[in-house]
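The values are calculated or read from the model by the stated rules, or taken from the named source; none is laboratory data. Predicted model only: the values in this text are computed from it and were never measured. Don't worry about glycine lacking a Cβ; one is built from the backbone with ideal geometry, like all the others, and counts go over all protein chains shown. Calculation scope for accessible area: heavy atoms of the full protein, side chains included, ligands and nucleic acids excluded. Shrake-Rupley method; radii C 1.70, N 1.55, O 1.52, S 1.80 Å.
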Amino acid sequence: MPHTLPALPYAFDALEPHIDAKTMEIHSQKHHKAYVDNLNKALESAPELANQDIVTLLRGIGSVPSTIKQQVINNGGGHHNHSLFWEIMGPKAGGEPTGQIAEAIKEAFGDFATLKTKVKENGMGQFGSGWSWVVFNSTTGKLEALKKPNQDSPLMDGLVPVLGVDVWEHAYYLKYQNLRANYIDAWWNVVNWKAVEAKLLAAKAGK
Ligand code: MN3
């Protein structure tokens, strides 16, 4: 099997009280696992894609056979989105970004408060399921905030995601029920800015 479920870099309860342990367990071990399993299943019919890593696969979505394209968008996107999501969160995290990610935020949005407002607007404005993203645009050399439905990856648009908030109900319903806004507000407390900065630096380096 070419694609595998990554181990969480912290315990299920590490993001308490902001994200509860049960949500983390179901989200990673059931939802993310299903995306990985279904991606591998879809790729069984396309052995020519077996050696592509997930980033290459999504960037090259246009060359995926039409018979499995939507499955790769949904499940490949789901796999990459969640792998990033676990990486950019962590215990004893949050606070104000520092260093090069802080500079990039300032350049693109003016200040951190404005970025937070945009991420929340996009997360609240995404009807149904999807993600609120901060991406690096290599054409402009700047960060951008945008929303995408379902598991559609910004990689398919030639953009590099550096931060994303999962606003599917499965990401927050056990603790926050219908209160998506409260979840997004609390989510900033678990952002691992060093990991987000690493994503930005890799994107700038063309990786
Ligand atoms: Mn999810």
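Structure summary
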read-out	value
Heavy atoms of Lys204: accessible area, 1.4 Å probe, square angstrom to 10	110 Å²
Carbon + sulfur, % of accessible area of the chain - ligands and nucleic acids excluded, 1.4 Å	51 percent
Percentage relative contact order, the stretch 20-207, counting C-alpha pairs under 8 Å, at least six apart	25 percent
GNM flexibility winner over the chain from Ser132, Ser28, Ser66 (Cα, springs under 10 Å)	Ser66
C-alpha center-to-center spacing [the stretch 22-55, the stretch 100-167] in angstrom	23 Å
Contact order relative to length of the stretch 91-170, as percent, for alpha carbon pairs under 8 angstrom and 6 or more apart	27 percent
Accessible area of the stretch 20-207 divided out per residue, in Å², using a probe of 1.4 angstrom	45 Å²
Nearest-20 debye value, the chain charge dipole, Cβ charges on Lys, Arg, Asp, Glu	160 debye
Positive-end extreme of charge dipole, the chain - chosen from Gly130, Pro17, Asn38 (charges on Cβ)	Gly130
Out-of-range pairs (alpha-carbon distance over 18 Å; input Lys30/Lys118; Lys118/Lys199; Lys118/Lys148; Lys148/Lys207)	Lys30/Lys118; Lys118/Lys199; Lys148/Lys207
His32, His170, reordered so the largest accessible area comes first (probe 1.4 Å)	His170, His32
Helical mean residue ellipticity (222 nm; -39500 (n - 2.57) per DSSP H run of 4+; nearest 500) of the chain	-12000 deg cm²/dmol
Nearest-0.05 FRET efficiency for Asn182 and Ile26, computed from C-beta distance (R0 25 Å)	0.80
Cα-based shape type of the chain, given that a ≥ b ≥ c are square roots of the gyration tensor eigenvalues and the cut on a/c is 1.5	oblate
Counted charge near Ile68, where neighbours are those whose Cβ lies closer than 14 Å (Asp, Glu -1; Lys, Arg +1)	0
